[in-house]
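Asks: I am attaching a structure below and will ask some questions about it afterwards.
The values are calculated or read from the model by the stated rules, or taken from the named source; none is laboratory data. Every value quoted in this text rests on a predicted model; they were computed, and no experiment measured them. Backbone-built Cβ (ideal geometry, glycine too); neighbour counts: all protein chains shown. What goes into the accessible areas is simple: the full protein's heavy atoms, side chains included, and nothing from ligands, DNA or RNA. Shrake-Rupley method; radii C 1.70, N 1.55, O 1.52, S 1.80 Å.
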Amino acid sequence: MKTLDNKKSAKFWDDFAGKFNLLTRYSEWRWHELKREIFSKASGNVIMIGAGTGNDFKLFPSDVKITAIDFSQKMLDIAKNKRDDSPSPLELKLEDVQSLSYGDEVFDSAITSCVFCSVPDPVKGLKEVFRVLKPGGNLAMFEHTDSKNPFFHFTLKLMNFLPGPDLTRKTTLNVHNSGFEVLSVNYIFQDIVKTIYARKPL
Ligand SMILES: C[S@@+](CC[C@H](N)C(=O)[O-])C[C@H]1O[C@@H](n2cnc3c(N)ncnc32)[C@H](O)[C@@H]1O
């Protein structure tokens, strides 16, 4: 597994912020409807982990309250301009998911999209998400992970030499190991791109 350092990872996203929208235009178009379905799982008081440049704000339902966090100030600076795309009230905060400033059990739902490949210590981050969710609270994720297919696994491992995210994360296992009950995992592309639905037990 690739080792990601906190400062270097936040700097990577700061440096990438200006190019992010251009480089993700295709994937934004490609996964738009699927993400809308994931975001429809959000209810009540919602925490969005890894707001990025705010491209997904428009996908939220209209009857929730959103706190969108990111640990890259540059990403948040761009996301500020998309705040009004959200049909629900949305607050942006500079926060590291590995050490959230919120109290226990304050959120009803948590949403992530392509984030837990980059969080330096994913289990620490997921345990924080678990902590801030109310019992019965749900976690809806759209993530890319490692593959069980030897060819894809090897290819992803090779690609890990590139700077940035770890492409061989075992995110479903990490969700389980953080205390969540994994309700469903749906494969979108091979077993690499997937949705994960989980909840904090009552
Ligand atoms: C690939 S981008 C995805 C952005 C957005 N969710 C999207 O799909 O367009 C990953 C984002 O996660 C953020 N991120 C990574 N590690 C984080 C951490 N420890 N705490 C908060 N945000 C983090 C990065 O700064 C970056 O904005």
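Asks: Any idea of the accessible area per residue across the chain, 1.4 Å probe, to the nearest Å²?
Replies: 50
Asks: Which cross-chain or sequence-distant (5 or more) residues have an amide H under 5 Å from the amide H of Leu139, H modelled 1.01 Å from N in plane?
Replies: Sorted by chain and number, the residues that satisfy this are Ala110, Ala198, Arg199, Lys200.
Asks: Right, next: Along the Cα→Cβ direction, 7 angstrom out, place labels at Phe161 and Asn186. What is the inter-label distance in nm?
Replies: So the two model labels end up 3.7 nm from each other.
Asks: Rounded to the nearest 500, what is the chain's calculated 222 nm mean residue ellipticity when only DSSP H runs of at least 4 contribute -39500 (n - 2.57) each, over all residues?
Replies: The helix contribution divided over the chain gives -10500 deg cm²/dmol.
Asks: To continue, here is another question. List the relative contact order of segment 1-156 as a percent without decimals, with contacts defined as Cα pairs under 8 Å and 6+ residues apart. Before the final figure, lay out each step's value.
Replies: Working: 274 pairs, mean separation 36.9, N = 156.
Normalised by residue count, the contact order of segment 1-156 is 24 percent.
Asks: Please list, in chain and number order, the residues 5+ apart from Phe107 or on another chain whose amide H is under 5 Å from its amide H, with Hs placed from the backbone.
Replies: Amide H neighbours of Phe107, under 5 Å, 5+ apart: Leu133, Lys134.
Asks: Of all the accessible heavy-atom surface of segment 6-199, with the other protein chains kept in place and a 1.4 Å probe, what percent is carbon and sulfur? Write out the running numbers ahead of the final one.
Replies: Values: 5370 of 9330 Å².
On segment 6-199, the fraction of accessible area on carbon and sulfur atoms equals 58 percent.
Asks: Sticking with this one: Let me spell out the model: positive unit charges on the Cβ of Lys and Arg, negative unit charges on the Cβ of Asp and Glu, origin at the Cα centre of the chain. What dipole size does that give, in debye rounded to 20? Please report the intermediate quantities before stating the final value.
Replies: Details: 28 positive and 25 negative charges, 68 e Å.
Around 320 debye, computed over the chain.
Asks: Once Lys and Arg get +1 and Asp and Glu get -1 on their Cβ, which of Pro87, His32, Asn45 lies farthest toward the positive end of the dipole of segment 23-108?
Replies: Going by the charge dipole, the pick is His32.
Asks: How would the chain be classified by its alpha-carbon gyration tensor: rounded, prolate or oblate, with rounded meaning a/c under 1.5 and the a/b versus b/c comparison settling the rest? If you can, show how the numbers build up before the last one.
Replies: On the way: a/c = 1.37, a/b = 1.15, b/c = 1.19.
Rounded.
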